[in-house]
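Encoded as structure tokens, the structure appears first; notes follow it.
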Amino acid sequence: MYRSHTCGELRLADAGKEVTLAGWVQRIRDKGALVWIDLRDRYGITQLFLDSNSDPKLVEQARTFGREFVIQAKGTVIERESKNPNMPTGDIEIRVNGFTLLNSSKTPPFTIEDNSDGGDDLRMKYRYLDLRRTPVRQNLELRHRMAMLVRNYLSDLNFMEIETPMLIKSTPEGARDFVVPSRMNPGEFYALPQSPQQYKQLLMVAGFDRYFQIVRCFRDEDLRADRQPEFTQIDCEMSFVEQEDVLNTFEGLAKHLFKEMKGLEFDQFPRMTWHDAMKYYGSDKPDIRFGMKFVELNEVVKGKGFGLFDNAELVVGINALGCSEYTRKQLDALTEFVKRPQVGAGGMVYIKYNTDGTFKSSVDKFYTPDDLKAIAEKFGSKPGDLMLILCGEAMKTRVQLNALRLEMGNQLGLRDPNKYAPLWVIDFPLLEWDEETQRYYAMHHPFTAPKPEDEALLDDPSKWGDIRANAYDIVMNGVEVGGGSIRIHDRTLQNKMFHTLGFTDEKAQEQFGFLMGAFEYGAPPHAGLAFGFDRLCSLFGGADSIRDFIAFPKNNAGRDVMSGSPAPIAQEQLDELQIGLNLKI
Ligand code: ASP
């Protein structure tokens, strides 16, 4: 028996017990006659203790241990003289009467404690050591608990977890595929799934009317802090359902997670149309932990001789409660913020509603106090508030104001990571125009159904941008944590959709023939969604980065610095795959 207990479980009630523990030496404190060792395993840390009454050989042996040595210690549980209330095992220690060295260790490149001295890169290179640290380990524990809750919840609702293939056919829509050459079929390639979308729809045709899978997906996209080339989805699909059924089912799952993980209960999640989300928050994933809704000002600001506003398609602003005392410097900084290339506004107008009821603005030249009062009324501002206004092309300006709103939310401490504000964003547009390729793309994916009342617009290309989809996203704290749609299950409508997206019959047949073929054998009405599991975990863990919740993540350049992938492969491997590389070196 290597151990009788873990390093996290002994308490005062165990005093007097003879125990055997095994773990890693986190720290040794050697005070001459007294030696303490912090022994760590996955469950916690227990203090080992030796003093002048201990066998001197044991003390000698303890002095040979270094950090991260793996040892086994036998001894008696005793009450500690100076207790540590910050540790669950802090009331006891083990008076050691025997050690076995199980393995030695090189000195680790950084300290393996809650606060490490290792930088990001170093900790990634030695991820297996970083994972020994409690906060990192706890993130993976959270992930595990979430996965178990999801599985049990969905299974109780009759969802079946079914695995779908990882080697599939490349499809041109969506993000870029990762491809895998086929040795047995020279010159041909598999793709790794961006999602199991088509397979889960086939499972509906096959009659598995409730499917889910916690599944790895792959997208060869440019990376950002919250993106990984491989990531995990809770992928779900249901048959014989309407949008309402899907929203309720997965709102139920989200509520279950909040309750079990956070002890939080929610009423029905608010629902907002995509149109309203853009109009009032400038984002399809609004952070509604705080207000500061957009107020459109065209009717109160135009016609007063201020050219910038007069010529703008949209003048729109936010009201920052209690910020009228913002200094010149703070306001300049905000102007600089909106002018950064990432935001891209030309400038910012402010109106201070001073506590004495007067106004001070950057446009005093053009607007009388009465004009400013009318604007303030439009905003619903009170003395003490600060109005911040942008103008320009409508959609662009909204997106810019979204950045400013979030920045103000940050500055005013309104984006508390311990507060959760979930909502559904519904009625997304079906199609999205792409300037570069001059064509429409499916905003969600080509299998998403238009709203029945908008279906006729598919016959009029000038109206394509107006078609709404039965598509929905679940958003929490300004983060899109999931999304899905009602699917097209009718072959004729699907064909029409492919034509709209610029596919010829042959091309559609080549790319999606198997799905279309299946739809001729009785496809039930179906719908689904997928949650981004890594993101959901980071949100529940109160962290920004999804990397912290993945055991072995890639860095920002898509590299695994620990294993050194991606890496060149040997010429023989390339030859076997019959891949000729024309490398210009
Ligand atoms: N497959 C979709 C996605 O990955 C989700 C869905 O429509 O179910 O975003």
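The values are calculated or read from the model by the stated rules, or taken from the named source; none is laboratory data. Bear in mind the structure is a predicted one, so any value in this text is a computation, not a measurement. For neighbour counting, all protein chains shown are included, and Cβ atoms are generated from backbone atoms with ideal geometry for every residue, glycine included. For accessibility, only protein heavy atoms count, side chains too; no ligands or nucleic acids. Shrake-Rupley method; radii C 1.70, N 1.55, O 1.52, S 1.80 Å.
Name every residue in the range 188-202 that is away from the ligand (no atom under 12 Å from the Cβ) and closer than 21 Å to Ser239 by Cβ, in order of residue number.
Of all residues in the range 188-202, those away from the ligand (no atom under 12 Å from the Cβ) come to 188-192, 202.
Within the range 188-202, just Leu202 meets the criteria.
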Subset tally (residues that are outside any loop (DSSP other than H, G, I, E, B) and open to solvent by 40 Å² or more (accessible area, probe 1.4 Å)) for the range 15-44
9
The range 195-233: number of residues that are part of a loop (DSSP other than H, G, I, E, B), touching a strand residue (DSSP E or B) at 6+ places or on another chain (Cβ under 8 Å) and within 12 Å of Thr164 (Cβ to Cβ):
3
Listed residues Asp544, Asp490, Asp534; which is under 24 Å from Cys217 (Cα atoms) and open to solvent by 50 Å² or more (accessible area, probe 1.4 Å)?
Asp544
2 or more residues within 16 Å of the ligand (Cβ to nearest atom), under 30 Å from Leu264 (Cβ atoms) and within 31 Å of the chain's Cα centre (by Cα): qualifying helices (runs of 4 or more DSSP H) within the range 485-554:
533-540
Within 15 Å of the ligand (Cβ to nearest atom) and either part of a helix (DSSP H, G or I) or surrounded by 12 or more Cβ atoms within 10 Å (Cβ to Cβ) (or both): which single residue out of Trp464, Trp424, Trp433 fits that description?
Trp424
Read through the list (1) at pLDDT below 95; (2) open to solvent by 70 Å² or more (accessible area, probe 1.4 Å), then give the number of the only condition that Phe552 fails.
(1)
Could you give me the residue pairs with C-beta distances under 9 Å whose first residue belongs to the range 406-422 and is of a type in the set (Ser, Thr, Tyr), whose second residue is in a helix (DSSP H, G or I) and open to solvent by less than 40 Å² (accessible area, probe 1.4 Å) wherever it lies, and which are 6+ apart or on separate chains?
Tyr420/Phe258; Tyr420/Leu539; Tyr420/Phe540
For the range 84-93, state whether one or more residues are of a type in the set (Asp, Glu) and open to solvent by 50 Å² or more (accessible area, probe 1.4 Å).
yes
Residues in the range 436-454 that are within 16 Å of the ligand (Cβ to nearest atom), touching a residue at least 60 places away in the same chain (Cβ under 8 Å) and part of a strand (DSSP E or B): how many?
2
Return the residue satisfying two criteria in turn: it lies in the range 203-239 and is in contact with a helix residue (DSSP H, G or I) (Cβ under 6 Å, 6 or more places away or on another chain) and away from the ligand (no atom under 14 Å from the Cβ), and of such residues it is most open to solvent (accessible area, probe 1.4 Å).
Asp226
